[in-house]
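S.K.: Pasting in a structure now, in structure tokens, and then I'll have a few things to ask.
The values are calculated or read from the model by the stated rules, or taken from the named source; none is laboratory data. Predicted model only: the values in this text are computed from it and were never measured. Here the Cβ positions follow ideal geometry from the backbone for every residue, glycine too, while neighbour counts run over all protein chains shown. Remember, those area values only see protein heavy atoms, side chains included, never the ligands or the DNA or RNA. Shrake-Rupley method; radii C 1.70, N 1.55, O 1.52, S 1.80 Å.
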Amino acid sequence: MVDHLTSAHYFDLLRFARRKTRRAADAEDLLHEALIVALKAQRFPTGDDRAWFRGVIRNLAAMQARTAARRVRREGHICFPEAEDEVDVSDVLAFAATLTPSLRIVMLLAIAGHNRPEIRHLLRISDEALRQRILMLRRAWRDAGNTDANLRTLGLHYPLASGRIRRALLPVTRGGRPRLPATIRTAISSQ
């Protein structure tokens, strides 16, 4: 294939690739990808296979354009919380101070990223009792003049490695009596 591809043919194909891409810098990459496809198909970009090779360049360029459009759409759909939807940590802690200890611990564990089975295990309560506490916590949050949207965004502003945290907690939860983290015990006892 290298013997059949002269520099004149190469630059002619490069000009064609430049017309098919949005950026001139991508034209050489596009041409090289088309050359790889031609090598795999055992076809040559010159002579009788020239029209086929130009079709390969067109198809690859269209595929790259679709991929770029999807990426732009996907990145455009990322939702960042609005400033008015964000909840200040001091407001959350002030709200937690008004709660009974049973509701306060559920709230703090949920904000820390624990799921329902973990909270049930740590507190040694039934699923029904946890559901009741969550219901009472939502009512208290609403009665304090806050919106449900704010309650949902608590603890979600910072990406947590929840999987890694859960794997680290497994030996603790399997080893008999559960022990709450020191920061949560301190927050509960200081209230």
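S.K.: Once you charge only the Cβ atoms, +1 for Lys and Arg and -1 for Asp and Glu, what is the size of the charge dipole of the range 1-77 about its Cα centre, to the nearest 20 debye?
M.R.: Charge dipole, the range 1-77, about its Cα centre: 580 debye, nearest 20.
S.K.: In the neighborhood of D26, defined by Cβ-to-Cβ distances under 11 Å, what is the net charge if each Lys or Arg adds +1 and each Asp or Glu adds -1?
M.R.: It works out to a net charge of +1.
S.K.: Show M136, M107 ordered by accessible area, largest first, where the area counts protein heavy atoms only and the probe is 1.4 Å.
M.R.: Most to least solvent-accessible, the answer reads M136, M107.
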